[in-house]
Amino acid sequence: MITVSIISPQKSMNVINKAIEHQDFGCVFHKYVYVQLEEIKTIYEQCKDSCDVIFFSGELGYSYMLTHINDIQVPCTFVSYEEKDILSILLNFVIRYPNIPLTRVYIDFLTPVNDFMNLKKYLSPNYMPYLFENPVYNYQTLQERAEELWNSGKIDMMLTRTTNQLEVLNKLKIPYIHFLPSEEMIRGSIRSALNTIRLKQKNQNGKLVILIKLIYPENITSQDREYMEITLHKYLLDFRKDYQYEFALHAVSNRFELSLDSDLYKTSFERLQDLIAFLDQKGDLEFRLGAGFGKSLGESHYQAEQALQEAIKYGKNDGFIIHGEENTLTGPLSLTRTLNYSYSNAKALAYSQANGINESNLLKIVGLFQMDKETIITAASLSQWLNITSRSCNRILQQLLDSNLITEIEPQKQEGKGRPTRQYQFIKQNFIQTFF
């Protein structure tokens, strides 16, 4: 199911809530309220990995997103007025305020970003209101433009959509009419965004292959082996039924192969995490899972084989997936935060050989750096990422410390009489120069 993150000031969110309250859009909504535009960066980091589209209540937040966040990974859209809506607003204004010519009006939501909604096509210069001409679109430039026009005596009225700017306009004593989008306009914009996402998903369908390998105890009897295979087969059928996940299932020796058409969004990752948790909670089987997502069945199968080998190296009930043209590895999938890394990192592979660090462990550490350059590392936390002992992690940390790639910070004090826990952070510039 498609997940939509709605980002909006509180007043606009109230209208959106009414618009979607009794409507079935066939999706899940997550809602985020901001006061200052700068908060959108934090909100994006919170929602980017759990949604398929980001939906803004207006163009201001949408414009801020496009101009302040590099490498946006999620499609974005906003509640947009159509040309007919603008013409309707102006017609109603002329009827309601016959003594104020349009040339004495300032409209702050007709901007270069939306090409002024083609208003210049409908009105001659003799009837044209003042528009927002600055390509830099934020609260400050909006206020500066309003003050400039009002203080110079050029306008008698302002039309605005910017909810969080109303207090400023009240202080400046600028007369204004505040417009909120209608409920039907909101519903139409959401439907349009969802239709676009669904069409994109349909056109980008690829193949997902999942390989699950059973790990047998030593000296297992053939009868017990057969019982474990039948048990896993039943669990997979139960999962398919309970989660309504339509995949083809084939048994080959001590492993099972699942295949299905899938899309490029988060659903595949979430279902893989569900499957790993489902099998692990059964508690009576040991398994490893590898998944591959590619454009063809053959490509996906190859990727799944490589991911399965990574899961075997990791050595516990968990899984990895390989996807993308660069064959990016993601995992371990059971963790709340998953690492992305690649064996194509020649610098990391050379360092691992020169310094005696297992290449898989080192690549996971590089992935940890890419995920969060400010993260605080301990031997215990690294042990969870790598599934090796804390003693082994201490040896790796000492090697990275000797190479001036990490630095030791103030230790974490323990309750009682326990020794403080040693903590480290990446030396970002050195890490980048060494591995990128």
remark   = For the range 5-18, the count of residues that are at pLDDT 90 or above and open to solvent by less than 20 Å² (accessible area, probe 1.4 Å) equals 7
ask   = Could you list, in sequence order, the residues of the range 332-360 that are more than 26 Å from the chain's Cα centre (by Cα) and in a loop (DSSP other than H, G, I, E, B)?
value = GLY356, ILE357, ASN358
message = I need the full set of residues from the range 77-93 which are of a type in the set (Val, Ile, Thr), touching a helix residue (DSSP H, G or I) at 6+ places or on another chain (Cβ under 7 Å) and open to solvent by 20 Å² or more (accessible area, probe 1.4 Å), in order please.
response = THR77
request  = List the number of the failed condition for VAL28; all other conditions in (1) modelled with pLDDT under 90; (2) buried (at least 16 other Cβ atoms within 10 Å of the Cβ) hold.
outcome  = (2)
query = Considering only the range 316-328, how many residues are open to solvent by less than 50 Å² (accessible area, probe 1.4 Å), at pLDDT below 90 and over 14 Å from SER268 (Cα atoms)?
reply = 1
note = Filter the range 230-248 for residues that are in contact with a Leu (Cβ under 9 Å, 6 or more places away or on another chain) and modelled with pLDDT under 90; the one that is surrounded by the most Cβ atoms within 10 Å (Cβ to Cβ) is PHE247
query = Is it the case that GLY206 is surrounded by fewer than 18 Cβ atoms within 10 Å (Cβ to Cβ) and either among the small types (Gly, Ala, Ser) or touching a Ser or Thr at 6+ places or on another chain (Cβ under 9 Å) (or both)?
reply = no
inquiry  = I need the full set of residues from the range 91-109 which are touching a Pro at 6+ places or on another chain (Cβ under 8 Å) and under 22 Å from GLY58 (Cα atoms), in order please.
reply    = VAL105, TYR106, ILE107
query = Given (1) without any contact (Cβ under 8 Å) to a residue 40 or more places away in the chain; (2) crowded, with 17+ Cβ neighbours inside 10 Å, where does TYR351 come up short, assuming only one miss?
reply = (1)
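A quick yes/no check of all residues on (1) under 30 Å from LEU279 (Cα atoms); (2) over 28 Å from the mean Cα position of the chain (by Cα); (3) aliphatic (A, V, I, L, M):
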site: THR330; (1), (2), (3): yes, no, no
site: LEU362; (1), (2), (3): yes, no, yes
site: ARG395; (1), (2), (3): no, yes, no
site: PHE435; (1), (2), (3): no, no, no
task = Considering only residues that are charged (D, E, K, R) and in contact (Cβ under 8 Å) with a residue 24 or more places away in the chain, look in the range 39-50 and name the one that is surrounded by the fewest Cβ atoms within 10 Å (Cβ to Cβ).
result = ASP49
request  = Count, please, the residues in the range 361-379 that happen to be touching a strand residue (DSSP E or B) at 6+ places or on another chain (Cβ under 8 Å) and either assigned to a helix (DSSP H, G or I) or aliphatic (A, V, I, L, M) (or both).
outcome  = 11
request  = Hey, could you check the range 404-421 for residues that are at pLDDT 90 or above and surrounded by fewer than 16 Cβ atoms within 10 Å (Cβ to Cβ) and say which is nearest to SER352 (Cα to Cα)?
outcome  = ASN404
task = Report whether or not ILE276 is within 28 Å of CYS47 (Cβ to Cβ), aliphatic (A, V, I, L, M), free of Cβ contacts under 8 Å to residues at least 60 places away in the same chain and open to solvent by less than 70 Å² (accessible area, probe 1.4 Å).
result = yes
ask   = Here is a list of conditions, (1) in a helix (DSSP H, G or I); (2) loosely packed, with under 15 Cβ neighbours inside 10 Å, and LEU382 meets all of them except one; can you say which number that is?
value = (2)
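The values are calculated or read from the model by the stated rules, or taken from the named source; none is laboratory data. Computed from a prediction, not measured in an experiment: that's the story for all the values here. Virtual Cβ from ideal backbone geometry, glycine too; neighbours counted across all protein chains shown. We work out accessible area using only protein heavy atoms, side chains counted, and drop any ligands, DNA or RNA first. Shrake-Rupley method; radii C 1.70, N 1.55, O 1.52, S 1.80 Å.
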